[in-house]
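Please read the structure below before turning to the comments.
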Amino acid sequence: MPIGLITLLVALSPLVWGSTYLVTTEWLPANSPFWAAAIRTLPAGLLLVLWSWHLPKRGEWLKLLALAILNIACFQTLLFIAAYRLPGGIAALIGSIQPVLVMLFIWFVQSIRPAGQTVLASLFAILGMYLLLNAPGEVWDIWGGLAAFLGAISMAAGSFFTRHWQLKMPLLALTGWQLFLGGTILLPVALVSEPVPWPLSTEQLYAYLYLSLVGTLITYALWFYGLKKLNTVAVSALGLLSPVMAVALGWLILNQSLSDQGITGMTLVLISVLAMQWFQTSNQENKPSTTQKIRNLPHEKLH
């Protein structure tokens with residue numbers, strides 16, 4: 001499949017994730033981040049585990065558990081804490097620092113310095129986020145902001161190690177086991193820390209179904225597929241589409257206004273996404289494969 005088409009498919013994930021903040025504040029039970037995270041992930045994970053019917057190998061369990069904690073348990077909990085405490089656009093924007101964090105992981109763990117143009121695009125993304133976050137009329141909650149930032153660190157680490165470890169598992173099994181293990185970790189925490197959100201209204205039930213099936217099962221499968229096929233920074237950069245969607249939904253559905261400064265910031269974020277995708281995709285397409293390198297060797301070196 002062409003890289004451009006893969007990128008478009010993977011981009012659906014952050015666009016759908018951008019709706020999480022609206023769904024959380026408008027239709028989910030109030031102040032239940034652990035239950036929201038558990039209900040979102042555990043059923044989707046169980047369905048995928050049963051569907052894929054693949055048992056991880058003995059040496060894969062610890063890495064799979066680490067990925068489940070980073071990508072699912074920690075990230076989903078922190079995401080919902082931020083969603084309950086911050087406007088959706090603000091929470092998503094803080095979380096979209098992820099591409100920069102991924103570059104830092106690659107730099108410190110693999111000793112690979114990021115390309116200068118990618119760093120420049122990241123700086124413009126940060127500038128765009130700063131303009132949006134400091135737009136007139138925005139109100140901050142320090143705990144919500146901290147949760148969003150820690151969630152970005154967790155997801156960035158999870159994205160990096162998903163690509164770095166390259167577990168030899170089918171895509172649906174890799175996705176399902178992470179969701180199942182993460183949800184299994186979250187369930188007892190939710191039982192101990194929060195009242196059970198029951199009974200659910202019809203709207204709440206549909207909201208949970210949407211988050212679990214569309215916003216988790218499908219989108220995480222696409223996200224991990226992208227991490228297998230594309231550059232890690234390029235995939236993480238697509239996460240910048242999440243705050244744009246969150247802001248757009250707030251404007252269209254909740255009648256939240258955008259100042260000129262906010263519109264400028266959102267535009268810079270979008271340009272940065274496109275720029276990082278262009279740079280990373282170009283590098284990936286221009287990088288010769290192992291087969292090509294062998295073919296390019298002088299004939300006598302092959303014998």
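The values are calculated or read from the model by the stated rules, or taken from the named source; none is laboratory data. Keep in mind that this is a model prediction, so the values were computed, not measured. Ideal geometry is used to build each Cβ from the backbone, glycine not excepted, and the neighbour counts take in all protein chains shown.
Only residues that are within 17 Å of Pro243 (Cβ to Cβ) and out of contact with any Ser or Thr (no Cβ under 6 Å at 6 or more places or on another chain): list them for the range 104-122, please.
Restricting attention to the range 104-122, the residues satisfying the condition of being within 17 Å of Pro243 (Cβ to Cβ) are 121-122.
Residue satisfying the conditions is Ser122 alone.
State whether the residues of the range 152-160 include one that is of a type in the set (A, V, I, L, M, F, W, C) and in contact with a Ser or Thr (Cβ under 7 Å, 6 or more places away or on another chain).
As a first pass, look at the range 152-160 and keep what is of a type in the set (A, V, I, L, M, F, W, C): 152-153, 155-157, 160.
From the residues that got through so far, the ones that are in contact with a Ser or Thr (Cβ under 7 Å, 6 or more places away or on another chain) too are 156, 160.
Yes, the range 152-160 contains at least one residue that is of a type in the set (A, V, I, L, M, F, W, C) and in contact with a Ser or Thr (Cβ under 7 Å, 6 or more places away or on another chain).
Since Asn31 meets every condition but one in (1) buried (at least 24 other Cβ atoms within 10 Å of the Cβ); (2) at positive phi, which condition does it not meet? Only one criterion is unmet by Asn31, namely (1).
Can you list the helices (runs of 4 or more DSSP H) found entirely within the range 166-284 that contain at least 1 residues being more than 14 Å from the chain's Cα centre (by Cα)? Spell out the reasoning first.
Values: elements: 171-193, 202-209, 219-229, 232-238, 241-253.
Helices (runs of 4 or more DSSP H) meeting the threshold: 171-193, 202-209, 219-229, 241-253.
Of all the listed residues (Thr118, Thr162), the sole one being in a helix (DSSP H, G or I), farther than 20 Å from Ala36 by Cα, in contact with a Leu (Cβ under 6 Å, 6 or more places away or on another chain) and in contact (Cβ under 8 Å) with a residue 40 or more places away in the chain is Thr162.
Considering only the range 81-122, state which residues are among the aromatic types (Phe, Trp, Tyr) and in contact with a helix residue (DSSP H, G or I) (Cβ under 8 Å, 6 or more places away or on another chain).
Applying the first criterion (among the aromatic types (Phe, Trp, Tyr)) to the range 81-122 yields 84, 105, 107-108.
Residues satisfying the conditions are Tyr84, Phe105.
If I filter the range 141-177 down to residues being aromatic (Phe, Trp, Tyr) and surrounded by 19 or more Cβ atoms within 10 Å (Cβ to Cβ), which single residue comes out as nearest to Leu42 (Cα to Cα)? By that ranking, first place goes to Trp177.
Count, please, the residues in the range 165-196 that happen to be of a type in the set (Ser, Thr, Tyr) and free of Cβ contacts under 8 Å to residues at least 40 places away in the same chain.
Taking the range 165-196 as the starting set, the residues that turn out to be of a type in the set (Ser, Thr, Tyr) are 175, 184, 193.
Checking which are free of Cβ contacts under 8 Å to residues at least 40 places away in the same chain leaves us with none.
Looking only at that region, the number is 0.
Quick one: what pairs do we get from the range 1-20, first residue over 19 Å from Leu213 (Cβ atoms), second β-branched (Val, Ile, Thr) and part of a helix (DSSP H, G or I), C-beta under 8 Å, 6+ apart or different chains? From the range 1-20, the pairs are Ile3/Thr281; Gly4/Thr281; Thr7/Thr281.
Collect the residues in the range 134-146 that are within 20 Å of the chain's Cα centre (by Cα) and touching a residue at least 12 places away in the same chain (Cβ under 8 Å), keeping them in residue-number order.
Gly144, Gly145
When Ser13 is tested against (1) more than 22 Å from Val273 (Cα to Cα); (2) out of contact with any Asp or Glu (no Cβ under 7 Å at 6 or more places or on another chain), just one condition goes unmet, and that condition is (1). If you scan the range 15-39, which residues turn out to be β-branched (Val, Ile, Thr) and either under 17 Å from the mean Cα position of the chain (by Cα) or under 24 Å from Leu93 (Cβ atoms) (or both)? Val16, Thr20, Val23, Thr24, Thr25, listed by residue number. Counted as qualifying within the range 55-111 are the helices (runs of 4 or more DSSP H) with 3 or more residues that are modelled with pLDDT of 95 or more, namely 61-67, 75-85.
Looking at Leu79, Leu12, Leu42, Leu70, which is the one that is surrounded by fewer than 24 Cβ atoms within 10 Å (Cβ to Cβ), within 17 Å of Val189 (Cβ to Cβ), within 14 Å of the chain's Cα centre (by Cα) and of a type outside the set (Asp, Glu)? Lay out the reasoning, then the answer.
Numbers: Leu79 fails: surrounded by fewer than 24 Cβ atoms within 10 Å (Cβ to Cβ); Leu12 fails: within 17 Å of Val189 (Cβ to Cβ); Leu42 fails: within 14 Å of the chain's Cα centre (by Cα).
After ruling out the rest, the residue left standing is Leu70.
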